[in-house]
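Heads up: the structure comes next, in structure tokens.
The values are calculated or read from the model by the stated rules, or taken from the named source; none is laboratory data. Given the structure is predicted, the values throughout are model-derived calculations rather than measurements. Here the Cβ positions follow ideal geometry from the backbone for every residue, glycine too, while neighbour counts run over all protein chains shown.
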């Protein structure tokens, strides 16, 4: 028997642009990004808009049509923007993926055409899966419209939908052609969604950049009030750190067992599922980070001082650090959330690899979890929450 073996090297350009009023005809960023593509002089585009965004910004669809009409020498909109359901519900079946693929077929969108996804992280995930699998890959341009998608998920290289009770069970790795972060698209968000992305900035600061964490601490009161300049700083630096990891970690498509950018996520994903997605992703990640911070302190990885700083910052930004779903039990009276550890390992394959903290700005990997200590951490979060509620009641009374 003989064998042939070659190393295949593929490089990707991953570009993230920051702007305001991307669909103002005077703003040529979108046109210029497409004009860089010299495969053709004129391109087709299909636009998908998050339904909640379309409702909160009712002129947006028309603005998009006007933009493409002004720049049709470079790119033609093949039909009015498609308005599709966003939020986690859009990821809970394959229906919407198929719907987009049928439009790709109907309008003869090919591998040198463009699909624009304008919405929150869930819509970007779903549209990204449709784009990555139609013709084995249609060019995708993301316009994230939540803080969470602008500073984390929207600048990533993953797409997916949920299946078999597991988050992102079906998905792909595909580098988008471009990401365009338009700060103006955040203005109509309710406070809950404006806050959601802060936790991913805290997360990446905790494992990568102490100085960034301290900046978030200094800006916490302003961020809690959603002041624009601190929000812009947070989004930019968080996106930069996430992009740096994708480009420089040596494992952008997660072929190994380590996934440091998912610090706090093993519990978060399970909490989302247990709550039937009543708990939003950012809210679940805040609880997951708090849980792993307390665990890191309990087993001697992290100082009590550092742990308190982290928990206090999360609360100052407006996050609740406990949910009743943490205490849900199965028929054996075991905490169901703990199953998230095995599901996390299974999702990656290989050995269990979970990121914990040695200090603010220093994450490291562990391959074993002391389950008793983790359960203790859950009950400590419950106690902390109860004490906070009591203080609030006394203050009101």
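Between 333, 372, the distinction of being in a helix (DSSP H, G or I), without any contact (Cβ under 8 Å) to a residue 40 or more places away in the chain and assigned by TED's automatic domain parsing to the domain that holds residue 214 belongs to 372 only.
Residue pairs whose Cβ atoms lie under 6 Å apart, separated by 6 or more positions or on different chains, with the first residue in segment 1-14 and under 28 Å from residue 155 (Cα atoms) and the second modelled with pLDDT of 90 or more, are 12/175; 14/175.
The rows are residues; the columns are (1) at positive phi; (2) surrounded by fewer than 22 Cβ atoms within 10 Å (Cβ to Cβ); (3) part of a strand (DSSP E or B).
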site	(1), (2), (3)
133	no, yes, no
143	no, no, yes
150	no, no, no
159	no, no, yes
185	no, no, no
189	no, yes, no
192	no, yes, no
200	no, no, no
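Scanning segment 281-330 for residues that are assigned to a loop (DSSP other than H, G, I, E, B) and out of contact with any strand residue (DSSP E or B) (no Cβ under 6 Å at 6 or more places or on another chain) turns up 299, 300, 303, 317, 318, 319, 320, 321, 322, 323, 328, 330. Taken as a whole, segment 63-85 holds no residue that is part of a loop (DSSP other than H, G, I, E, B) and in contact (Cβ under 8 Å) with a residue 60 or more places away in the chain. Consider segment 21-48 and keep the residues that are in a strand (DSSP E or B) and in contact with a helix residue (DSSP H, G or I) (Cβ under 8 Å, 6 or more places away or on another chain). The one that is surrounded by the fewest Cβ atoms within 10 Å (Cβ to Cβ) is 43.
Return yes or no: is residue 252 buried (at least 16 other Cβ atoms within 10 Å of the Cβ), more than 19 Å from residue 340 (Cα to Cα) and at pLDDT below 90? Spelling it out, residue 252 is indeed buried (at least 16 other Cβ atoms within 10 Å of the Cβ), more than 19 Å from residue 340 (Cα to Cα) and at pLDDT below 90.
Only one entry of 161, 207, 180 meets the criterion of being in the same structural domain as residue 340 (by TED's automatic domain parsing) and either at pLDDT below 95 or in contact with a helix residue (DSSP H, G or I) (Cβ under 9 Å, 6 or more places away or on another chain) (or both), and that entry is 207. Residue count for segment 349-397, restricted to those that are modelled with pLDDT of 95 or more and on the phi > 0 side of the Ramachandran plot: 1.
Each row is one residue, and each column tells you yes or no for (1) in contact with a helix residue (DSSP H, G or I) (Cβ under 9 Å, 6 or more places away or on another chain); (2) more than 27 Å from residue 155 (Cα to Cα).
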{"residue": "254", "(1), (2)": "yes, no"}
{"residue": "267", "(1), (2)": "yes, no"}
{"residue": "323", "(1), (2)": "yes, yes"}
{"residue": "333", "(1), (2)": "no, yes"}
{"residue": "341", "(1), (2)": "yes, no"}
{"residue": "344", "(1), (2)": "yes, no"}
{"residue": "356", "(1), (2)": "yes, no"}
{"residue": "359", "(1), (2)": "yes, no"}
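Specify the residue that is farthest from residue 174 (Cα to Cα); the eligible residues are those in segment 104-125 that are in contact with a strand residue (DSSP E or B) (Cβ under 6 Å, 6 or more places away or on another chain) and part of a helix (DSSP H, G or I). Here the answer is 123. Any chance segment 49-56 includes a residue that's under 21 Å from residue 139 (Cα atoms) and touching a helix residue (DSSP H, G or I) at 6+ places or on another chain (Cβ under 8 Å)? Yes, segment 49-56 has at least one match. If the condition is being outside any strand (DSSP E or B) and either in contact with a strand residue (DSSP E or B) (Cβ under 8 Å, 6 or more places away or on another chain) or over 19 Å from residue 145 (Cα atoms) (or both), then segment 161-180 contributes 164, 165, 174, 176, 177.
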